[in-house]
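Engineer: What follows is a single structure, and I will ask about it in a moment.
The values are calculated or read from the model by the stated rules, or taken from the named source; none is laboratory data. All values reported here derive from a predicted model rather than from experimental measurement. Positions of Cβ are backbone-derived with ideal geometry, glycine not excepted, and every protein chain shown enters the neighbour counts.
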Amino acid sequence: MKRWISAFVALTVVAVALPALAATANVKKLSKKWPALDVTWADAFDVWMSDDEMAVFERLGTTEERQKFLEQAGYWKMWEQIEEEMLPNILAGKVVPGMSRNEVLMVWNKPEKIRKDFTKEAYVSELHYKFEVDRKGKRKRLEGDEYNKHIEVMIVLELDGLVAAIVNTEELAATRDAAIAEKKAAEEARKEAKPTFEGEGDVGFGPDAPKADVEAGTEPTDEADAD
């Protein structure tokens, strides 16, 4: 998987407001005539596509033409960078721990806002999404205004660019602290697990290490022969 990158800076909190969504794929309409994978491409890349690009993409007639378009427009490289174990989740429309930022955007599009924390242990981001909840408890991304709707905010918690958890507002603080503590403990355990060169038979390093009896590239000589 991808490695953690520690951010050794003081704690700061920043709230970032995002612009309105770019092009929006008509997933419901496309699902009636396109293969499921092609529909996923449209839904995944509309976060980056302009209205003109999406209009062209939706007019293409075959999977081969759509893939060629994504390659020429530079989007296909992002698709190839998806982690192998994350691809089934993207195809299923699920955000799960371990995802990268781009993978999250492919599934849930742009968040309402992002909050960023710079801590000693990790670079923390909170991606806030609003969902409409129906009477059966099923969630879907909020479209339009919030009037007369049951709204729930879900937050994607990232540590050093990877998703650590998906929580609601009530769960955020405790989950955030626990995730940072877990990451710190993992880093400490990794450091302690580094191999050492101590012990009998090991080669020493440093100014106090004994010098080798035989120089590299030479054959050992018997002391009796030397006499």
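Engineer: Those residues that are more than 20 Å from A92 (Cβ to Cβ) and in a helix (DSSP H, G or I), I need them from the stretch 34-65; list them, please.
Structural biologist: Selection gives D51, D52, E53, M54, A55, V56, F57, E58, R59, E64, E65.
Engineer: Then there's this: Can E103 be described as in contact with a helix residue (DSSP H, G or I) (Cβ under 9 Å, 6 or more places away or on another chain), surrounded by 14 or more Cβ atoms within 10 Å (Cβ to Cβ), part of a loop (DSSP other than H, G, I, E, B) and acidic (D, E)?
Structural biologist: No: the conditions fail for E103.
Engineer: Based on what the data block shows, is V96 surrounded by 14 or more Cβ atoms within 10 Å (Cβ to Cβ) and part of a loop (DSSP other than H, G, I, E, B)?
Structural biologist: Yes; evaluated as a whole, the condition is true for this residue.
Engineer: Just name the residue that is modelled with the highest pLDDT out of those in the stretch 142-152 that are in contact with a Lys or Arg (Cβ under 9 Å, 6 or more places away or on another chain) and surrounded by 14 or more Cβ atoms within 10 Å (Cβ to Cβ).
Structural biologist: Within the stretch 142-152, the match that is modelled with the highest pLDDT is E152.
Engineer: Which condition does Y129 not pass, out of (1) touching a helix residue (DSSP H, G or I) at 6+ places or on another chain (Cβ under 9 Å); (2) farther than 25 Å from N102 by Cβ, if it passes all the others?
Structural biologist: With respect to (1) touching a helix residue (DSSP H, G or I) at 6+ places or on another chain (Cβ under 9 Å); (2) farther than 25 Å from N102 by Cβ, Y129 is out only on (2).
Engineer: Has the stretch 171-193 got any residue that is part of a strand (DSSP E or B), among the hydrophobic types (A, V, I, L, M, F, W, C) and either touching a Pro at 6+ places or on another chain (Cβ under 8 Å) or not assigned by TED's automatic domain parsing to the domain that holds D38 (or both)?
Structural biologist: no
Each row is one residue, and each column tells you yes or no for (1) hydrophobic (A, V, I, L, M, F, W, C); (2) touching a residue at least 60 places away in the same chain (Cβ under 8 Å).
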| position | (1), (2) |
| --- | --- |
| V47 | yes, yes |
| A55 | yes, no |
| E71 | no, no |
| W76 | yes, no |
| E80 | no, no |
| E84 | no, no |
| L87 | yes, no |
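Engineer: Could I ask something else about it? Answer yes or no: is there a residue in the stretch 69-81 that is acidic (D, E), at pLDDT 95 or above, farther than 17 Å from E103 by Cβ and surrounded by 10 or more Cβ atoms within 10 Å (Cβ to Cβ).
Structural biologist: Scanning the stretch 69-81 turns up at least one residue that is acidic (D, E), at pLDDT 95 or above, farther than 17 Å from E103 by Cβ and surrounded by 10 or more Cβ atoms within 10 Å (Cβ to Cβ).
Residues are listed down the side, and each one gets a yes or a no for (1) farther than 26 Å from K183 by Cα; (2) surrounded by 13 or more Cβ atoms within 10 Å (Cβ to Cβ); (3) aliphatic (A, V, I, L, M):
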| residue | (1), (2), (3) |
| --- | --- |
| K28 | yes, no, no |
| T40 | yes, yes, no |
| D43 | yes, yes, no |
| V47 | yes, yes, yes |
| E53 | yes, yes, no |
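Engineer: For D160, indicate whether it is touching a Phe, Trp or Tyr at 6+ places or on another chain (Cβ under 6 Å), within 30 Å of E188 (Cα to Cα) and of a type outside the set (G, A, S).
Structural biologist: Yes.
Here is a yes/no grid of residues against (1) closer than 20 Å to E143 by Cα; (2) of a type outside the set (D, E); (3) in contact with an Asp or Glu (Cβ under 7 Å, 6 or more places away or on another chain):
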| site | (1), (2), (3) |
| --- | --- |
| M78 | no, yes, no |
| M86 | no, yes, yes |
| G93 | yes, yes, no |
| V96 | no, yes, no |
| V107 | yes, yes, no |
| K116 | no, yes, no |
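Engineer: Restricting attention to the stretch 82-93, and to residues there that are surrounded by 15 or more Cβ atoms within 10 Å (Cβ to Cβ) and not in a helix (DSSP H, G or I), which single residue is modelled with the lowest pLDDT?
Structural biologist: It comes out as E83.
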